[in-house]
Amino acid sequence: MSEGRLTRSETDKIIAGVCGGLADYLGVDSVLVRLAFVVLLFASGIGFPIYLILWVIMPRADTVNQPNSEIIQKNIEEMGNTVTGSINRAGRPGTVGVIFILLGIYFLFNQLGWLNWVHGGILWPIIIIGLGAYLLVRRSQ
């Protein structure tokens with residue numbers, strides 16, 4: 001195990017560096033951590049919310065000495081910019097295509113019984129909290 005503080009990786013990242021940072025901290029291969037998140041996503045649905053929470057609370061190495069409130073604000077801002085940048089890169093037809101794909105995945109997983117956690121009321125509160133936090137950060141700019 002690493003003796004340092006848990007931080008997001010800047011070099012071993014696909015989305016935000018959460019899995020790479022966890023892998024470095026635990027001293028394991030980042031592929032294993034990513035696989036664990038995928039298994040948690042499909043097994044219980046908790047992998048996605050855990051990833052989002054870690055993205056918000058884990059500092060990057062260059063912000064580790066800043067106050068926690070600043071770290072969280074910057075991470076939420078980064079999350080919003082990542083989502084907005086992805087939408088802008090895809091363009092309008094790409095965005096519509098992604099929405100159809102996500103809807104298809106939702107209905108497929110729902111039919112397979114893999115989305116029991118959605119009916120338990122965990123998905124929509126997470127989405128609403130995320131949108132509210134994003135709007136507050138955008139308003140403060």
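Read-outs throughout are calculated quantities, based only on the coordinates presented, and are distinct from any laboratory measurement. In this text, all values refer to a predicted model and were calculated from it rather than measured experimentally. Here Cβ is always computed from backbone atoms with ideal geometry, including for glycine, and neighbour counts include all displayed protein chains.
Amide H of R60: which non-local residues (sequence gap of 5 or more, or other chain) have their own amide H closer than 5 Å, using H built in the peptide plane?
R8
Among V18, V56, what is the fewest-to-most ranking by other Cβ atoms within 10 Å?
V56, V18
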